[in-house]
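Heads up: the structure comes next, in structure tokens.
The values are calculated or read from the model by the stated rules, or taken from the named source; none is laboratory data. Computed from a predicted structure; not experimentally measured. Cβ: placed from backbone, ideal geometry, glycine included. Neighbour counts: every protein chain shown.
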């Protein structure tokens, strides 16, 4: 359009040629943001997300990202400003975690109902208290019923790739929902590795034309009221409210299909394929499996490989998309095994287990067969789950096949 | 048959005020104003100034044509009312047109009284009630040399002054012993009269014209000879008859409208016939001072009555009772101002017969400076105030009378400074 | 509908009878220092009034033309020498038509048109063609040239952008305010109305229907300024100049809304943020807020044996916003509409460059317990008692009072109209008086800084 925009375009293009670079997950996320060409970014720093927004700010300063950068006074305003921007038609981005996410909660729970396709990275962090600043999934798990799409990344490369894909998923007309791209605090945020940066034109072609506020908008050229009082016990209210809510749950189910399509297209165009919902690792001939989520999966796969070497018929099921929960995909995997051990980096206080464990066995219920299972909880507040830990998990899971059962979760780092 | 919601006969102050009151309440109801006159509305009060040349005849209209268009008023000229048929809401005009009305206002005013002086009908004489009269009188004054004015009322006095200023030799003949009887008391009248004396006007006070004849020498029959009751004869080539006016309501005959001196009305200007109101000089309405009904011929009273009639006709919810006619006169002569609000003379009019111990009269006169001030109180209430070259706000005085304000506590101050005291009372009472 | 006009107003409580106005008038109209030529007459005598019902005997009074809407002087004139000017509202006197009959003076019950013997005709106030000499010289601010009337004319030509029949309480000040405000702001706007009376009366609508003819939305009670900031950023990005307007209650401004407000002000976001201060959470049943004055009855600061209304003072949000050094900060009251309009215009203009904050005092008949018909009177006394003050601020200009705080009416005059203060003890009234005095003193100190610089 304008000369300035062309200059900035070329800044992004020259920065994002197909190339390899060495970086951590926070920088990888920032590159994903740059390639997605957002319009408005609002930031507020919090450990372990801080370097992510620093990278983003630096990119804005350098012209790699051409966006309005809002340095606001807290996470509550971060998401509020992005809601406003999205209602005016902007592609938006932010990142947060832990206490920041908790402070953001009021606008956070409202975003899906407004059907705003905001992308927010959650650089996951355990929650207070005890006071801690390290990784864990407790923050993300606390907001799993808010209505956001949540995808957990396994690698630094996947952080970049998923950040870009998140926009196409969230902005899909059948979805129109906000997306959290979850990366494990410390392990992915600060873990440095070589990654491949896709060329900007490839990503532009992948994302297609930007059209964010085609449905609800605050625009004097087509005035409408956003969010009139709706519901109550009489008149058109109850039916209308149900329609809005059901529209949201339908969109979540649509998202399962769109996530799969998007990952496939990304793989076709960029050359990197990911299991969009659930990954099956060495499962075909397994008797039992461990279930993982996020960056722990790398160590878990090593442990599975070692166990296979020992002759154990163990496989691995990794959940990438946690919201919406991919019931069908997980059941396809569960159908191949006789017992599972589910490893969580957070807890479910109500059921005395991990939340992924609870969700997995809830899905298995649909298989109409008994699935012996165990809940493992580890990696809280930045604790390491090592290959050795996973070997123990495999050992404990194998006991299920011999009739052993667990009344309580197994606390992985309890004796570290 | 023409039809309208509001039919108004007459086009001077009462009629015009009624129109604006109606239009405040009802902006659309069809409204027709019919006048016997051939001009846009004007005030009879302005006519002496047309005679003197101070006002131009084509510059005295109280409303212009656009007013009638803007307010959706049909304005019909050169038509007078012949009769009324209240039973069928019909007004019949002189040309036979029958107008059907829903509400009718009679504001037909008054016409000059022509006294029954033998021979008056045989000579050319002038009156001053219409614009045509004024133009004729002005034309005549430019040709004539000697004028006789019958009657020393406001019209006669104004006329005499104008004629004298135009260079004529002027004689005023007045039956009563003072000028402006009924407007000012004898003492004030004397001060006014002396100004006329000083300006060379021949004042024949306390005399009647007993006969009038044409001047035989005059071929065109413009001149006349007037014989007084003293036997004296006076010649003139201009005769102005200004012996008062009487309401025009000849059209009432056969209509069962109750009439006396004028058309009798109640406190809402309503006549005894349904859907008919009367206001202005033609109406005989409540007197302020007594229970009788009077015709006043007072412009501010006509305005007040017209307003009330219009409000009543348009069912204005803020309609209030007419508080009663109060005599009010302002008179400017030879650069001096005479003002009278309320009763000016306790020996005549409504206060006549009041026990004198109830009345308090405060008189301040400085003949050398031409200053006169007379204040009449009854029970500490103002009854009337009149003055010559005295500073006062007539409108405020009128309110003090109407509201019957107790002036007991400020009487001394009021007598000394009626202007300032009146204003202060105003601020504290009805601002 | 009728037309409103500008008019000269007189506040007798402020007048000290100096007579400067009369001198200015005589000079302007007759080139003379003799006040006999003045068309405004101040009456200063302290002799008692004769009327027992006249409560303010001895007060300074005024005689001048009221420029009546239904002028009797005009009706009484036989020569068409007086006319009501439909454009200016003044009653014009035409020398060429006047015949000196003085009947006009009979019609006037106010001493507004009088005969001047020295010049030989009647004279009356002509408002100096809209620039009255008397008002300009009045050292006490007792005379003001009130332009509300013409403002109403101007505004009536503009569309009312809220739907008819909003479900506000009878006598609601806020509805009046928002309708006038949006007429002035126009259609190129996005309106945020956080939860409270304003959306409660239906501005954002119910069940899929809107109450406003421009884009309008419910932010959270907490994030109005942030959401507007985000919207504005995107419109700036695409090169469209759209006004951002917040219509927020005092809770959404000073309590839970404060963080986002303060942040937006600090960042100088381009928006017009209006606080409609009804001193509490009126929409939810009259609970206490940070804006609730000490002593007020509310449903969460009730009156009983142990508690007599709110125990702590209100915070002065406008002053707090001034300390943010916003592009524009002002306080306003709907009893002073012309003042409000002037400030609204300035605030709209300022919001194009940065953060503009308007704090409008909004007495609430339902929550404060006073008759619905008295709203504007309560507004007026709130200002006249200095309970609230009218001023504005820009970083360049500093603080400037737009209405003098000198000679306030007694605090009790204000408080006695309002049910929520009915229980106040003498000590509580004294406390409020002290508090008000402190506020005025503090603001005056800021004003002095302005004068120094």
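Does residue B:263 satisfy being outside the structural domain of residue B:162 (by TED's automatic domain parsing) and within 25 Å of residue B:395 (Cβ to Cβ)? It would help to see each step written out before you state the result.
Values: outside the structural domain of residue B:162 (by TED's automatic domain parsing): yes; within 25 Å of residue B:395 (Cβ to Cβ): no.
No, not satisfied.
Of the candidates C:193, C:187, C:203, the single residue that is out of contact with any strand residue (DSSP E or B) (no Cβ under 7 Å at 6 or more places or on another chain) and within 14 Å of another protein chain (Cβ to nearest Cβ) is C:187.
The condition of being surrounded by 14 or more Cβ atoms within 10 Å (Cβ to Cβ), at negative phi, assigned to a loop (DSSP other than H, G, I, E, B) and away from every other protein chain (no Cβ under 12 Å) holds for residue A:283.
Put simply, of B:60, B:73 the only residue that is facing another protein chain (nearest Cβ under 9 Å) and crowded, with 17+ Cβ neighbours inside 10 Å is B:60.
Exactly one residue out of B:320, B:274 is in the same structural domain as residue B:23 (by TED's automatic domain parsing) and surrounded by fewer than 23 Cβ atoms within 10 Å (Cβ to Cβ): that is B:274.
Matching residues to (1) surrounded by 20 or more Cβ atoms within 10 Å (Cβ to Cβ); (2) at pLDDT 95 or above; (3) more than 8 Å from chain A (Cβ to nearest Cβ):
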position	(1), (2), (3)
C:220	yes, yes, no
C:243	yes, yes, yes
C:248	yes, yes, yes
C:258	no, yes, yes
C:266	no, yes, no
C:277	yes, yes, yes
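Can you spot a residue in segment C:394-410 that is in a helix (DSSP H, G or I), touching a helix residue (DSSP H, G or I) at 6+ places or on another chain (Cβ under 6 Å) and crowded, with 16+ Cβ neighbours inside 10 Å? No. Based on what the data block shows, is residue C:236 free of Cβ contacts under 8 Å to residues at least 60 places away in the same chain, within 11 Å of another protein chain (Cβ to nearest Cβ), over 27 Å from the mean Cα position of the chain (by Cα) and crowded, with 24+ Cβ neighbours inside 10 Å? For residue C:236, the condition - free of Cβ contacts under 8 Å to residues at least 60 places away in the same chain, within 11 Å of another protein chain (Cβ to nearest Cβ), over 27 Å from the mean Cα position of the chain (by Cα) and crowded, with 24+ Cβ neighbours inside 10 Å - is not met. Being closer than 18 Å to residue C:291 by Cβ and outside any loop (DSSP other than H, G, I, E, B) is the filter here; which residues of segment C:382-393 pass it? Across segment C:382-393, the qualifying residues are C:382, C:383, C:391.
Among the candidates A:186, A:182, single out the residue that is in the same structural domain as residue A:55 (by TED's automatic domain parsing), assigned to a loop (DSSP other than H, G, I, E, B) and modelled with pLDDT of 95 or more. Quick ask: steps written out before the conclusion?
Values: A:182 fails: assigned to a loop (DSSP other than H, G, I, E, B).
Testing whether each residue is in the same structural domain as residue A:55 (by TED's automatic domain parsing), assigned to a loop (DSSP other than H, G, I, E, B) and modelled with pLDDT of 95 or more leaves just A:186.
A single entry from A:136, A:147, A:98, A:194 fulfils the requirement of being away from chain C (no Cβ under 14 Å), at positive phi and surrounded by fewer than 23 Cβ atoms within 10 Å (Cβ to Cβ): A:147.
With respect to the conditions (1) in contact with a strand residue (DSSP E or B) (Cβ under 7 Å, 6 or more places away or on another chain); (2) crowded, with 18+ Cβ neighbours inside 10 Å; (3) not in a strand (DSSP E or B), residue B:240 lacks only one, and its number is (3).
Taking the condition assigned to a helix (DSSP H, G or I), modelled with pLDDT of 95 or more, in the same structural domain as residue C:350 (by TED's automatic domain parsing) and within 20 Å of the chain's Cα centre (by Cα), does residue C:429 pass? The answer is no for residue C:429. When the test is whether a residue is outside any helix (DSSP H, G or I), without any contact (Cβ under 8 Å) to a residue 60 or more places away in the chain, buried (at least 21 other Cβ atoms within 10 Å of the Cβ) and in the same structural domain as residue C:180 (by TED's automatic domain parsing), residue C:310 passes it. If the condition is being at the interface with chain C (Cβ under 8 Å from one of its Cβ atoms) and under 14 Å from residue A:95 (Cα atoms), then segment A:61-72 contributes A:70, A:71, A:72. If you go through segment A:231-257 and keep only what is touching a strand residue (DSSP E or B) at 6+ places or on another chain (Cβ under 9 Å), more than 7 Å from chain C (Cβ to nearest Cβ) and under 26 Å from residue C:197 (Cα atoms), you end up with just A:232. The set of residues in segment A:133-148 being in contact with a strand residue (DSSP E or B) (Cβ under 7 Å, 6 or more places away or on another chain) and part of a helix (DSSP H, G or I) consists of A:139, A:140.
Does residue C:134 satisfy being outside any loop (DSSP other than H, G, I, E, B), away from chain B (no Cβ under 13 Å), buried (at least 16 other Cβ atoms within 10 Å of the Cβ) and in contact with a helix residue (DSSP H, G or I) (Cβ under 8 Å, 6 or more places away or on another chain)? Write out each step before concluding.
Numbers: outside any loop (DSSP other than H, G, I, E, B): yes; away from chain B (no Cβ under 13 Å): yes; buried (at least 16 other Cβ atoms within 10 Å of the Cβ): yes; in contact with a helix residue (DSSP H, G or I) (Cβ under 8 Å, 6 or more places away or on another chain): yes.
So residue C:134 passes the test.
For segment C:197-210, the set of residues classified as surrounded by 24 or more Cβ atoms within 10 Å (Cβ to Cβ) and assigned to a loop (DSSP other than H, G, I, E, B) consists of C:203, C:204, listed by residue number.
Regarding residue A:228, is this residue within 14 Å of chain C (Cβ to nearest Cβ) and out of contact with any strand residue (DSSP E or B) (no Cβ under 7 Å at 6 or more places or on another chain)? No: the conditions fail for residue A:228. When residues in segment C:103-119 are screened for being touching a strand residue (DSSP E or B) at 6+ places or on another chain (Cβ under 7 Å), without any contact (Cβ under 8 Å) to a residue 60 or more places away in the chain and facing chain B (nearest Cβ under 7 Å), 6 of them pass.
Which pairs have Cβ atoms under 6 Å, sit 6 or more apart or on different chains, and link a residue in segment B:403-414 that is facing chain C (nearest Cβ under 7 Å) to one that is surrounded by 16 or more Cβ atoms within 10 Å (Cβ to Cβ) and in a helix (DSSP H, G or I)? Final answer for the pair search is B:407/B:414; B:410/B:421; B:413/B:421.
Contact annotation: residue pairs with Cβ atoms under 6 Å, 6 or more positions apart or on different chains, pairing a residue in segment B:210-225 that is at positive phi with a partner that is modelled with pLDDT of 65 or more, are B:221/B:214.
The number of residues in segment A:192-211 being touching a helix residue (DSSP H, G or I) at 6+ places or on another chain (Cβ under 6 Å) and in a loop (DSSP other than H, G, I, E, B) comes to 1.
Within segment C:22-44, how many residues turn out to be touching a strand residue (DSSP E or B) at 6+ places or on another chain (Cβ under 7 Å) and more than 17 Å from residue C:113 (Cα to Cα)? Qualifying residue count, segment C:22-44: 0.
Of the residues examined, residue A:375 is not one that is over 30 Å from residue A:175 (Cα atoms) and in a helix (DSSP H, G or I). Applying a threshold of 6 Å to beta carbon distances and a minimum spacing of six or more residues, or different chains, the list of pairs starting in segment B:78-101 at a residue that is closer than 14 Å to residue B:253 by Cα and ending at one that is modelled with pLDDT under 95 and in a loop (DSSP other than H, G, I, E, B) reads B:84/B:255; B:86/B:255.
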